[in-house]
Structure formats: structure tokens, C-alpha cells
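Notes for the one structure printed next.
What follows draws every value from the coordinates through simple rules; no lab data is involved. The structure displayed is predicted, hence computed values, not measured ones. Quick reminder, even Gly has a Cβ in these numbers, built from the backbone with ideal geometry, and neighbours come from all protein chains shown.
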Amino acid sequence: MKNAKIICFLLLIILFLLVSIILDKPGNTSVGVNIKSTKAEIQKGDISTTTLHSSNSDNLNLLVSKINTNDIVNRIDEKPIAVVNSTLKEYGIEVKNSILNDTEKREGIISAHLYHFKLQYTSKNIDLIEMVLPAAGLSYLIFEEDKSNITYMGNINLPGRNLNYEPDFRIEEDVNSKRAWLVFKELNAYGTGIIEFDDVWYGIRNNGISEDLRYITQKSDWGSPNQLAYITINGTMSEIKPFYLLTDSQDGFYIDVNYEIKFTNSNANELENPDDAFLFSANRRVRYTWNNQGECFTLDKGNSEGDETLFDFNKRSLLKNYSQQIDRLSKSEIKNKKDWLKKFHDSKMD
């Protein structure tokens, strides 16, 4: 009887050990709990979900969500292009026609910076991730933050940084329509004797980014001695509030841009003092009015001192837009101006 009790006791110990080994076997419970928790986070409305491979032996696919712009910058700053592309792909971010797609510079190192804009008239905020590849260009990733959700809206690309200028950007808002624009100073033209900068207004829409307006802010065209005149343009948005609601509709608010346009004889480089080649200057105000139906700004000819030909500097457009200034040259006693006037009248009509 005593031996039977000992045998039963030993059998119970062996059974207990067997059960413990089975319960401790890896992969039975912990992975299932992790999957349930991750899916529950997705169901709360997090965005930009993507699929990653788990590191456990079962090689399960785990869903990872929630864009965090600070984390993105930390992961891509000072990293090779291949790493940057891979990281953005994890977040479901597609960057089109950017420095990341330049096959000749895929070995370059990306420098990344984060800019945060707090909008005044809505609860939304805007985050910009600036990605720089020296001498190749810049790409800006645009994100809209609404409460706890961050949505990738699209990207804006700028040309190379081999010039001595820093990118300039700002947010403009309209209190009435609650619209917001990202305004970039962009290099539009560059060459021998020619440089042009534009202000470009990108509207932030529910479906992404849209270019709504582009106008010249700085231009110098001293490209060829064969052109009728050298041109220098400086444009500034009017100091008045950029948007003004004329009616109860969203149509009517506008942007005024004031221009100073300077004309110089194209023989300036032949003179001892190029300033002696100055001909005349003209001031013009151009108004761009919001068109709600087309969702863009259009040139308001009725309230502007010029139309689309204002910056066409052929003979026909010069006579149309600057006839008073040209007529005054005939009264000048300065030889350079008289010589230019004769050259102008002798030139063919375009």
C-alpha cells in the first residue's frame, strides 16, 4: 500500500512536468495576443497602414499605422537615398518626380528637416518635411494634421541648390473660406544673364496639393545684346490684406501684386558705366482674383494695369503696355535713349 502511494505521487509529478513543458512551448499564446492588439489600434481609425514582417519564427505580417513626422525625420536624416525610399515606403508615402527618383544620384545622402505650421482659422496644422540632396534639389513632403490624425497630402519639388539662395516658404490663409495655401519662392529660370523667381501658391485640398497661382517676384533678363531691351522686374504682394471678400460667395477675394519694371538698353555691357544705359521704368499693379468654380486664381483684367502681355517684351507688347514711357524718350536729350528709340522704331514687328 505504501509503495502504491509512492508510485501515484511520482506519476502526478511527471504529469505536472509534462503540462508545464507544453504550456512553455514558444509561439502558442504571445504572438496571438500581439496580433489582436495591433489590429485593435487599426480599427480606431489610424491612417497610412502598411505591412511589415514580424521578427518571430512564424514570420507573421503585422499591421503598423500612424504617421509621425518627427519619427520619419529621425529615420531619414543623413541617410542614403535607398534607406529613405525604403522608410517612406513603410508609411505608404509615394514621392513623385523628386530627388529620390534620380537614378544618377541614388548614392547621395539626404538631409531632412521638419517645419510645423499652426493654422489660425481651423483646427488643422501643416507639417513640412524638407529633404535636401546637395546640388540636386529639394523635395517637400506635405502633411495635414487634424486632431490625432496626420495625412500625407503630396510632395513639392524644387530645383538644385547650386545657387546662392535659400528656399523661402510661408502659409497664407483666408479667414472667410478657411482655405490655406503653402507659398513657395521658386527658381523658375536660370541661365547666362537670366534669372527668375516666382511665388507659387499651392492649395491644400482634401484630395491633395494643387498649384493655384504663380507670379513673378524677381526677374533679370540680360541674356543677349540682340534683344530690344534688358529687363529687370521686382514684384511684391500688396501690403493690404491679401484677401478681401467682396460678396457673400467665396468668389471675389484677391491678391494684388505691385511691379516695378525697369528697361535698360541692351548695349549696357559696352558702356563704361552700365547705369548710363537706363531707359525708363514703369509701375504696374496686377490683381489675381479667386475663382471658386475653377478653384484657382485668375488674372483680373478689369482691375489690373495690364494683362497677360505685360511681361511679353516684344515690340508689339511694348507698344501696347509702355507707349507713354516710349513716347517720352523722344523728348530726351540723352544720346543713349535717342539711339535706342531709333533702334526700336527700326525693328520689325513681332
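A few remarks follow.
- With Rh defined as the Kirkwood radius, the inverse of the mean 1/r over Cα pairs, the Rg/Rh of the stretch 271-350 is 1.12.
- In a simple Cβ point-charge model (Lys, Arg +1; Asp, Glu -1; nothing else charged), the stretch 176-350 has a dipole of about 360 debye relative to its Cα centre.
- Counted charge near LYS315, where neighbours are those whose Cβ lies closer than 14 Å (Asp, Glu -1; Lys, Arg +1): +2
- Alpha-carbon spread of the stretch 176-350, three principal axes, descending order, Å: 58, 31, 30
- Each peptide in 137-143, 81-87, 195-201 receives the mean, over its residues, of other Cβ atoms within 10 Å, and ordering these scores from highest gives 137-143, 195-201, 81-87.
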